[in-house]
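There's a structure below that I have some questions on.
The values are calculated or read from the model by the stated rules, or taken from the named source; none is laboratory data. Note that this is a predicted model, so its numbers are computed, not measured. Positions of Cβ are backbone-derived with ideal geometry, glycine not excepted, and every protein chain shown enters the neighbour counts. Just the protein is used for accessible areas: all its heavy atoms, side chains included, with ligands, DNA and RNA removed. Shrake-Rupley method; radii C 1.70, N 1.55, O 1.52, S 1.80 Å.
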Amino acid sequence: MGHLVIDPTAYDKGVAWKQAQNLVKEFCEVNQITEPITHDSLRPNNFGFYAAGHIYVNVAKTPLPVKIPVRRWSFTGYKADRTAPGVLAHEFGHHISSFKALRRDAWQAVLLQERRKISGYAPNGEEEFAEAFRLFILNPDLLLKAWPVRYKFIISLEVKPVVLLDWREVLRYAHPKIITAVENLIR
């Protein structure tokens, strides 16, 4: 099974982008889902977007995984993730939402039951689903431990994760502040 463990000291956006594309491809194969067509887009106003089976990610614009968290804590597989793999996995969540004909009322019930948002980017239920699915793709163990109701809802869509690592292994190279933040989150 696939995984994506990022070392920020040796990070290459192009390599990380290809690894994330391969992870999405593997997820689609394992779960018998139509694979979206992915594009490295240069659209200046977006990190990424989804439209009709196509995912566009402005790889050049996406930030690097943070080495030392100060104000920005974006790291691949963490709750805040604006890296190229994170944006791809988020937009893939929109693909899943349309592919699985997501029942909005059932998802809203999940959000009422588990009110804590995953990240700062969740202006509505659809974006919150995409953020949950991002974690389900990149670090499902973190989603399970921090947001178990969301995890169970996603599993109810008859999909299974392909990353089978403990959340600590996915975040092996993350700064200790990120690890502490996760530990506090799952207590």
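Leaving out ligands, DNA and RNA, and with a 1.4 Å probe, what % of the accessible surface on region 1-119 is carbon or sulfur?
Exposed carbon and sulfur together represent 53 percent of the surface.
Please tell me which of these pairs span more than 27 angstrom C-alpha to C-alpha: Lys79/Lys100; Lys79/Lys160; Lys18/Lys117; Lys13/Lys177; Lys18/Lys79; Lys25/Lys177?
Lys18/Lys117; Lys25/Lys177
Taking the Cα-to-Cβ direction at Glu169 and at His54 and moving 7 Å from each Cα, how far apart do the two end points lie in nm?
Simple spin-label model gives 3.7 nm for this pair.
Return one quarter of the surface area of the convex hull spanned by the alpha-carbon atoms of region 110-162, equal to its mean projected area, in nm².
Mean projected area for region 110-162: 3.3 nm², to one decimal.
Can you give the extra length, in nm with one decimal, that the chain gains between Arg43 and Thr9 once fully stretched, where that is 0.36 nm per residue apart less the Cα-Cα distance?
Full extension of this stretch gives 9.5 nm more.
Let me ask another. Please give me the summed charge of the neighbours of Pro123: other residues whose Cβ is under 13 Å from its Cβ, Lys and Arg +1, Asp and Glu -1.
Within the 13 Å Cβ shell, the charges total -3.
In 10 Å bins starting at zero, report the fraction of Cα pairs in region 74-171 per bin as a rounded %.
Per 10 Å bin, starting at 0, the Cα pair percentages come out as 17, 57, 26, 1.
Defining a contact as two alpha carbons under 8 Å apart and six or more residues distant in sequence, what relative contact order in percent does region 100-187 show?
25
A further question follows. Between Glu128, Glu29, Glu158, where does the largest GNM mean-square fluctuation fall for the chain, given springs only between Cα atoms within less than 10 Å?
Sorting by GNM fluctuation, first place goes to Glu158.
Another question, then. Any chance you could check the Cα centroid distance between region 1-72 and region 100-115 for me, in angstrom?
25
If you add up the charges near Gly86, with Lys and Arg at +1 and Asp and Glu at -1, over every other residue whose beta carbon is less than 14 angstrom from its beta carbon, what do you get?
Around Gly86, the surrounding residues sum to +2.
For region 123-187, what % of the accessible area comes from carbon and sulfur atoms, probe 1.4 Å?
The C+S portion of the solvent-accessible surface of region 123-187 is 54 percent.
Give the residues of region 107-138 whose amide nitrogen is closer than 15 Å to a point set 7 Å from the Cα of Lys100 in the direction of its Cβ.
Once the point is set 7 Å along Cα→Cβ of Lys100, 107-111, 126-138 turn out to lie under 15 Å by backbone N, inside region 107-138.
Please compute the per residue accessible area over the chain with all protein chains in place, 1.4 Å probe, rounded to a whole number of Å².
It amounts to 49 Å² per residue over the chain.
Given axes a ≥ b ≥ c from the Cα gyration tensor, I'd like to know whether region 88-134 is rounded (a/c under 1.5), prolate (a/b larger than b/c) or oblate.
oblate
Let me ask another. Can you classify region 1-42 as rounded, prolate or oblate using the Cα gyration tensor, where a ≥ b ≥ c are the square roots of its eigenvalues, rounded means a/c under 1.5, and otherwise it's prolate if a/b beats b/c and oblate if not?
Here region 1-42 falls in the oblate category.
Between Thr34 and Glu158, with labels modelled 7 Å along Cα→Cβ, what's the label distance in nm to one decimal, could you check?
With each label point 7 Å from Cα toward Cβ, the separation is 1.6 nm.
If the reach is capped at under 16 angstrom between alpha carbons, list the aspartates and glutamates near Lys67, excluding any in the same chain fewer than eight residues apart.
Reachable aspartates and glutamates: Asp7, Asp12, Asp81.
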